[in-house]
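Notes follow the structure.
The values are calculated or read from the model by the stated rules, or taken from the named source; none is laboratory data. If you're wondering where the values come from, they're calculated on a predicted model, not measured in any experiment. Note that we place each Cβ from the backbone using ideal geometry, even for glycine, and neighbour counts take in every protein chain shown. Accessible surface areas use protein heavy atoms only, side chains included; no ligands, DNA or RNA. Shrake-Rupley method; radii C 1.70, N 1.55, O 1.52, S 1.80 Å.
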Amino acid sequence: MRLLLSGIVGSVAYGLAGPGSDVDRIGVFAAPTTAFHGLHPPRESMVTTDPDVTLHECGKYARLALSGNPTATELMWLPDDCYETRTELGERLIAVRSAFLSAPRVRDAYLGYATQQFRKLTTRDASVGGRRRSAKHARHLARLLHQGRLLYATGQLEIRLVDPRWFRDFGERVASGALDEAEALVAAAERDFDRIRTPLPDRPDEETVERWLLDVRAAHLPPEPARR
């Protein structure tokens, strides 16, 4: 396995981390190309929780990013100080990041993940742990809607939030019982997605993505034997 690109994502990257926040990492790796030819191909993902690290094989990563998956997508848009591994093929991935984007998938993914956070809010109890989790879900709901709308409107993904305090305060208000604020934010985002004239295409540029993926596969073939 060779790591191509990795970095710190999640609350630390967004500027929302608190004293007890985990440090989440995600990365893309390449396996030897010939390993895919046998009975037992390489694992597509490797996940650990101590520390919190998720690594995706480059083929799976490409599929996730093409689907609009927010966590996969943000790896290509991190601030420079959040990257921990940047190889030549990783730099090329960053260079073609816009090829993964499409209007329907960005809308569906960001609204969909935000709606999941809202559903979690409606099932939390009033205990201290429940309140803490509710504040976290509310922050991420607001963050997903903000990032999704901006990406849909401009084609650019904002990772480090300009006003993290607003998201923290919103999370505390919702955790204190202002669930109607979260519901209203989701409804407003849905209206915004309907009215925004997006520069994003209807379909991602799969040709460019596949060219990158095939170059990764070619780079990880075994060397040809020397001719006598």
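Can you tell me which residues in the stretch 13-36 are in a helix (DSSP H, G or I) and either open to solvent by 50 Å² or more (accessible area, probe 1.4 Å) or without any contact (Cβ under 8 Å) to a residue 24 or more places away in the chain (or both)? Show your work before the answer.
First, the residues of the stretch 13-36 that are in a helix (DSSP H, G or I): 13-14, 33-36.
Hits for the stretch 13-36 are Thr34, Ala35, Phe36.
Looking only at the stretch 37-65, how many residues end up being over 13 Å from the mean Cα position of the chain (by Cα), modelled with pLDDT of 95 or more and among the charged types (D, E, K, R)?
2
Please go through the stretch 1-12 and give me each residue that is surrounded by 16 or more Cβ atoms within 10 Å (Cβ to Cβ) and not in a strand (DSSP E or B), ordered by number.
Within the stretch 1-12, Gly10, Ser11, Val12 qualify.
Any chance the stretch 85-92 includes a residue that's open to solvent by less than 70 Å² (accessible area, probe 1.4 Å), assigned to a helix (DSSP H, G or I) and under 14 Å from Ile26 (Cβ atoms)?
We begin by selecting, within the stretch 85-92, every residue open to solvent by less than 70 Å² (accessible area, probe 1.4 Å); these are 85, 87, 89-90.
Retained after the next criterion (residues that are assigned to a helix (DSSP H, G or I)): 89-90.
Those left that are additionally under 14 Å from Ile26 (Cβ atoms): 90.
Yes, the stretch 85-92 has at least one match.
Just checking, does the stretch 184-192 include any residue being in a helix (DSSP H, G or I), of a type in the set (D, E, K, R) and free of Cβ contacts under 8 Å to residues at least 40 places away in the same chain?
Keep residues of the stretch 184-192 that are in a helix (DSSP H, G or I), which gives 184-192.
From what is left, the residues that are of a type in the set (D, E, K, R) are 190-192.
From the residues that got through so far, the ones that are free of Cβ contacts under 8 Å to residues at least 40 places away in the same chain too are 191.
The answer is yes; a qualifying residue exists.
If I ask for residues that are farther than 18 Å from Leu144 by Cβ and buried (at least 20 other Cβ atoms within 10 Å of the Cβ), which ones from the stretch 65-81 would you list?
Leu66
Would you say Arg143 is under 24 Å from Arg63 (Cα atoms) and of a type in the set (Lys, Arg)?
Yes, satisfied.
So in the stretch 143-180, with the set limited to residues that are outside any helix (DSSP H, G or I) and over 15 Å from Ala13 (Cβ atoms), which one is nearest to the chain's Cα centre (by Cα)? Before the answer, list the steps.
Going residue by residue through the stretch 143-180, those that are outside any helix (DSSP H, G or I) are 155-163, 176-178.
Add one more test, that the residue is over 15 Å from Ala13 (Cβ atoms), and what stays is 155-156, 163, 176-178.
Details: Gly155: 15, Gln156: 13, Asp163: 20, Ser176: 28, Gly177: 29, Ala178: 27 Å.
Only one residue tops the list, namely Gln156.
Restricting to the stretch 144-158, name every residue that is open to solvent by 20 Å² or more (accessible area, probe 1.4 Å) and either at pLDDT below 95 or polar (S, T, N, Q) (or both).
Keep residues of the stretch 144-158 that are open to solvent by 20 Å² or more (accessible area, probe 1.4 Å), which gives 146, 149-150, 152-154, 156, 158.
If the condition is that a residue be open to solvent by 20 Å² or more (accessible area, probe 1.4 Å) and either at pLDDT below 95 or polar (S, T, N, Q) (or both), then Thr154, Gln156 are the ones that fit.
Looking only at residues in the stretch 113-126 that are surrounded by fewer than 15 Cβ atoms within 10 Å (Cβ to Cβ) and in a helix (DSSP H, G or I), which one is nearest to the chain's Cα centre (by Cα)? Write out each step before concluding.
Of the residues in the stretch 113-126, the ones surrounded by fewer than 15 Cβ atoms within 10 Å (Cβ to Cβ) are 116, 119, 122-123, 125-126.
Then keep just the ones that are in a helix (DSSP H, G or I); that gives 116, 119.
Values: Gln116: 15, Arg119: 20 Å.
Here the residue is Gln116.
Being out of contact with any His (no Cβ under 6 Å at 6 or more places or on another chain), surrounded by fewer than 20 Cβ atoms within 10 Å (Cβ to Cβ) and either more than 26 Å from Val12 (Cα to Cα) or at pLDDT 95 or above (or both) narrows it down to one residue among Pro204, Pro222; which is it? Outline the logic, then answer.
Details: Pro204 fails: surrounded by fewer than 20 Cβ atoms within 10 Å (Cβ to Cβ).
Selected residue: Pro222, the only one of Pro204, Pro222 that is out of contact with any His (no Cβ under 6 Å at 6 or more places or on another chain), surrounded by fewer than 20 Cβ atoms within 10 Å (Cβ to Cβ) and either more than 26 Å from Val12 (Cα to Cα) or at pLDDT 95 or above (or both).
Of everything in the stretch 127-136, what is open to solvent by less than 30 Å² (accessible area, probe 1.4 Å) and either in contact with a strand residue (DSSP E or B) (Cβ under 6 Å, 6 or more places away or on another chain) or in contact (Cβ under 8 Å) with a residue 24 or more places away in the chain (or both)? Give them in sequence order.
Ser134, Ala135, listed by residue number.
What residue, of Leu141, Leu161, is farther than 16 Å from Arg119 by Cα, in contact with a helix residue (DSSP H, G or I) (Cβ under 9 Å, 6 or more places away or on another chain) and open to solvent by less than 20 Å² (accessible area, probe 1.4 Å)?
So the residue among Leu141, Leu161 that is farther than 16 Å from Arg119 by Cα, in contact with a helix residue (DSSP H, G or I) (Cβ under 9 Å, 6 or more places away or on another chain) and open to solvent by less than 20 Å² (accessible area, probe 1.4 Å) is Leu161.
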